[in-house]
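Enquirer: Can you keep this structure in mind? I'll have questions shortly.
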Amino acid sequence: MTWASVLQAVLLSLTVAGLYAAIAAGLTLTVGVTRIINFAHGEFVMLGAFLTYALFTRFGISPWIGMLISGVAIGLFSALVYRGFLARILKHDEHNQLLATLGLSILLVNLAIILWSPDPRVMQAPQLLPALKLGEVTIPGNNLVVAGVGGLLFLLLQFIMRHTRYGTQMRFASDDPELAMHTGINVDRVFELSFVIGGFAAGVAGGLVALTLYVHPAVGLDLVIRAFAIIALGGLGNIPGALIGAAILALAEGLTSTFVPQGGSFGFGVAFLLLLLVLIVRPSGLFGRAAQ
């Protein structure tokens, strides 16, 4: 083990953290605003990956444009899902909400298998940015794209939540929906908007998945499990916490897979060992607020 190998592993892990943050930030926004645990968020990412892949392989559309189109398309799809399905279960018991979104997740996975087969695909896109070289350390250009786009998504969501009227309404509706309704806020529309923004982030994240990983009907399941671990680490509804949680998880996974014998086979074990340790010490997450 050399300093160059350690630095290579750390930098590559941080680029993966950009992907994790892109997925977790959109999920933590919708969960934090509506309090619905949306298990189908991973399938929104999967659909974004398939759309970006199809646009590139069939029509030669650059992944830059493809991931933006995917973001818009999945954002609109999220609005349809919310209006036609999720809005109807908001007042139901939390267990029914969990079962409903889990059922939606299973439905989307099986539809994807029927439409596109269970075979994994690799987009094989050219490097969108030049590789970063620091002595013996080399970071591929597409990994830099993932880190950059993930960071931009985080900044965009943080700006919306902290510096726009809609963000203020979302925070108000999340804290006390009934009081927000009495002040004239259309809580239902605010919840729908949070799903649209979360869907946009999921679609763009899907483009990043297609660019650097693989496209497969079950890829969303692998990633959303990590996203839930990140949300628990960072704190429910805390977007900056999701970014830090993504960095912690990606570093733990990357360093384990690189320097621990057969560490790459540990899979979700690293994520949930970290999650267990944090929740034992601080049940509300690293940056979450304890329930009152």
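Derivation of every value follows stated rules applied to the coordinates shown; laboratory data play no part. Keep in mind the model is a prediction, meaning the values are calculated, not measured. Cβ coordinates were reconstructed from backbone atoms using ideal geometry, including for glycine residues, and neighbour counts include every protein chain displayed.
Enquirer: So what's the gap between the Cα centers of segment 1-80 and segment 84-134, to the nearest angstrom?
Expert: 10
Enquirer: Mean-square fluctuation check for the chain, GNM, Cα pairs under 10 Å: which of LEU19, LEU144, LEU107 is largest?
Expert: Residue with maximal mean-square fluctuation among LEU19, LEU144, LEU107: LEU107.
Enquirer: With charges only on Cβ, +1 for K and R and -1 for D and E, what is the dipole size of the chain about its Cα centre, in debye, rounded to 20?
Expert: Working: 14 positive and 12 negative charges, 71 e Å.
Computed about the Cα centre, the dipole is about 340 debye.
Enquirer: If contacts are Cα pairs under 8 angstrom and at least 6 residues apart, what is the relative contact order of the chain in percent? Please report the intermediate quantities before stating the final value.
Expert: On the way: 485 pairs, mean separation 106.1, N = 292.
After rounding, I find 36 percent.
Enquirer: OK, next. Starting from the Kirkwood radius over alpha-carbon pairs of the chain, derive D by Stokes-Einstein at 10 °C in a medium of 1.306 mPa s and give it in µm² s⁻¹. Show your work: numbers first, answer last.
Expert: Values: Rh = 19.4 Å.
Taking Rh from Cα pairs, D becomes 82 µm²/s.
Enquirer: Using just the alpha carbons, could you tell me how many Å³ per residue the convex hull of segment 18-173 encloses? Walk me through the numbers on the way to the answer.
Expert: Values: hull volume 22.3 nm³, N = 156.
It comes to 143 Å³ per residue, whole-number rounded.
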